[in-house]
């Protein structure tokens with residue numbers, strides 16, 4: 001017997017007749033009760049090609065198998081297997097055609113079952129194609145009563161062996177994929193926490209034991225948390241940059257350190273472009289594509305205006321587009337925070353929003369220096385609202401229990417920088433004099449220092465263990 005193809009030629013019941021042998025009731029010998037050995041097995045019989053030559057249904061019933069259905073043709077084989085869930089498929093075909101092999105392959109892919117096929121085709125190439133299509137026992141020239149039981153058991157044994165191999169292969173594949181996930185999670189921890197490979201692995205093992213999860217599950221959670229933390233941070237930066245651009249535009253218009261402000265403006269433009277590129281690659285188009293497209297469209301319009309020489313007559317248009325970019329980015333960030341479904345993302349979003357408020361406050365202060373005809377309306381109220389929201393959120397961040405010493409130090413420094421921004425904003429409204437330019441420079445420097453502090457704080461929250469472990 002061949003190990004792979006199982007080509008079996010049964011001894012004809014009537015030698016020399018040339019017809020396939022047929023099993024007969026009563027020809028089983030003393031004490032042979034096949035029914036007792038394979039009872040309760042359900043069988044679906046299918047035929048393909050010319051009129052059947054074998055009394056399959058009668059012989060299967062005679063040995064105690066339950067025939068659930070007989071199909072003429074294979075077009076509905078998969079549907080019938082799903083409906084009846086038989087233990088075994090037995091087919092008959094003079095020559096297995098492409099439709100039969102496609103049907104058994106579909107069964108193997110959707111609802112695997114042992115498949116036994118009786119055929120008159122002994123072609124070696126056809127046998128190989130049959131095995132590849134999920135046929136476990138390919139029998140040539142019929143069967144005899146004595147061989148029917150071994151043939152069924154052979155198909156079942158071959159199927160069981162194949163399923164065992166598949167399970168082991170699946171297990172190896174899962175372990176390999178899990179190993180890749182673990183390595184990626186270790187890399188995230190090593191970069192975020194500045195720890196060694198061994199220490200990162202120990203963190204994963206400890207988290208796995210405490211959460212009663214597999215190492216791969218914990219690693220996948222860290223990867224997902226890091227992904228959402230990054231995209232929330234990047235989308236949140238767009239809010240801040242929309243306000244920073246207008247602030248820098250106004251400083252250039254006022255002639256405050258033009259070379260430095262121009263460099264910061266170019267940096268802001270490049271950061272928006274880079275963030276949008278990263279978000280475009282990292283976000284699902286089905287989930288966030290429409291929101292991201294609105295951000296991109298608004299940015300293209302604003303970008304064209306901020307890259308030309310500032311003009312007082314254009315301040316309103318530039319600020320209007322910046323406000324639209326702020327709202328579009330706010331909507332995207334909120335959606336990403338909800339999709340991440342992790343409480344620490346709210347903290348990251350809160351810290352990230354402080355960056356925007358710091359720039360918005362400075363922008364509104366500068367807006368009030370313009371004449372009534374040039375300044376957009378409502379800047380005083382917007383400035384006061386930004387101040388109240390910033391100080392409220394600063395109080396929340398200072399009261400959070402998840403602060404680390406590094407986070408606490410950064411918050412303290414940011415609080416001091418905020419006081420300098422408040423002082424700078426108050427001073428620039430004093431009557432104009434020779435020191436007006438210096439007061440504007442002080443506000444510009446203080447607002448950038450405050451922004452730098454909250455950029456650092458957002459990065460610390462993004463890399464914190466509370467964020468990564470959820």
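On the stretch given as the range 185-195, residues that are out of contact with any helix residue (DSSP H, G or I) (no Cβ under 6 Å at 6 or more places or on another chain) and at pLDDT 85 or above total 1. Tally up the residues in the range 318-361 that are over 25 Å from residue 448 (Cβ atoms) and without any contact (Cβ under 8 Å) to a residue 60 or more places away in the chain, please. The total comes to 6. Per the conditions (1) touching a helix residue (DSSP H, G or I) at 6+ places or on another chain (Cβ under 7 Å); (2) without any contact (Cβ under 8 Å) to a residue 12 or more places away in the chain; (3) assigned to a helix (DSSP H, G or I), the sole criterion not satisfied by residue 206 is (1). Answer with yes or no whether residue 60 is at pLDDT 90 or above and touching a strand residue (DSSP E or B) at 6+ places or on another chain (Cβ under 6 Å). Against the criterion (at pLDDT 90 or above and touching a strand residue (DSSP E or B) at 6+ places or on another chain (Cβ under 6 Å)), residue 60 does not qualify. If you go through the range 109-129 and keep only what is at pLDDT 90 or above, touching a strand residue (DSSP E or B) at 6+ places or on another chain (Cβ under 8 Å) and not in a strand (DSSP E or B), you end up with 113, 114. Per the listing 426, 432, 459, 446, the residue uniquely modelled with pLDDT of 90 or more and either within 41 Å of the chain's Cα centre (by Cα) or surrounded by fewer than 18 Cβ atoms within 10 Å (Cβ to Cβ) (or both) is 446.
Restricting the search to the range 188-201, which residues are free of Cβ contacts under 8 Å to residues at least 40 places away in the same chain and surrounded by 15 or more Cβ atoms within 10 Å (Cβ to Cβ)? Within the range 188-201, 190, 195, 200, 201 qualify.
Working only within the range 400-423, note down all residues that are within 19 Å of residue 456 (Cα to Cα), over 34 Å from the mean Cα position of the chain (by Cα) and free of Cβ contacts under 8 Å to residues at least 24 places away in the same chain.
Keep residues of the range 400-423 that are within 19 Å of residue 456 (Cα to Cα), which gives 400-421.
Then keep just the ones that are over 34 Å from the mean Cα position of the chain (by Cα); that gives 409, 412-421.
The answer is 409, 412, 415, 416, 419.
If I filter the range 40-81 down to residues being assigned to a loop (DSSP other than H, G, I, E, B), under 15 Å from residue 102 (Cβ atoms) and touching a residue at least 24 places away in the same chain (Cβ under 8 Å), which single residue comes out as nearest to the chain's Cα centre (by Cα)?
From the range 40-81, those assigned to a loop (DSSP other than H, G, I, E, B) are 40-41, 49-55, 63-65, 73-76; that's our starting set.
Now restrict to residues that are under 15 Å from residue 102 (Cβ atoms): 49, 73-76.
Restricting the remaining residues to those that are touching a residue at least 24 places away in the same chain (Cβ under 8 Å) gives 49, 73-75.
On the way: 49: 47, 73: 42, 74: 38, 75: 36 Å.
The qualifying residue nearest to the chain's Cα centre (by Cα) is 75.
If you check 195, 182 for being outside the structural domain of residue 346 (by TED's automatic domain parsing) and part of a loop (DSSP other than H, G, I, E, B), only one passes: 195. When 122, 94, 111 are checked against the criterion of being in contact (Cβ under 8 Å) with a residue 24 or more places away in the chain, surrounded by 14 or more Cβ atoms within 10 Å (Cβ to Cβ) and assigned by TED's automatic domain parsing to the domain that holds residue 162, 94 stands alone in meeting it. For residue 100, are the conditions met, namely being at pLDDT 75 or above, under 24 Å from residue 158 (Cα atoms) and either in a strand (DSSP E or B) or not assigned by TED's automatic domain parsing to the domain that holds residue 155 (or both)? Spelling it out, it is not the case that residue 100 is at pLDDT 75 or above, under 24 Å from residue 158 (Cα atoms) and either in a strand (DSSP E or B) or not assigned by TED's automatic domain parsing to the domain that holds residue 155 (or both). Would you be able to say whether some residue in the range 382-396 is surrounded by 13 or more Cβ atoms within 10 Å (Cβ to Cβ), assigned by TED's automatic domain parsing to the domain that holds residue 317, modelled with pLDDT under 90 and under 30 Å from residue 313 (Cβ atoms)? Looking for residues that are surrounded by 13 or more Cβ atoms within 10 Å (Cβ to Cβ), assigned by TED's automatic domain parsing to the domain that holds residue 317, modelled with pLDDT under 90 and under 30 Å from residue 313 (Cβ atoms), one finds none in the range 382-396, hence no. Please tell me if residue 156 is assigned to a helix (DSSP H, G or I) and either closer than 29 Å to residue 331 by Cβ or out of contact with any helix residue (DSSP H, G or I) (no Cβ under 6 Å at 6 or more places or on another chain) (or both). So residue 156 passes the test.
The values are calculated or read from the model by the stated rules, or taken from the named source; none is laboratory data. Computed from a prediction, not measured in an experiment: that's the story for all the values here. Cβ coordinates were reconstructed from backbone atoms using ideal geometry, including for glycine residues, and neighbour counts include every protein chain displayed.
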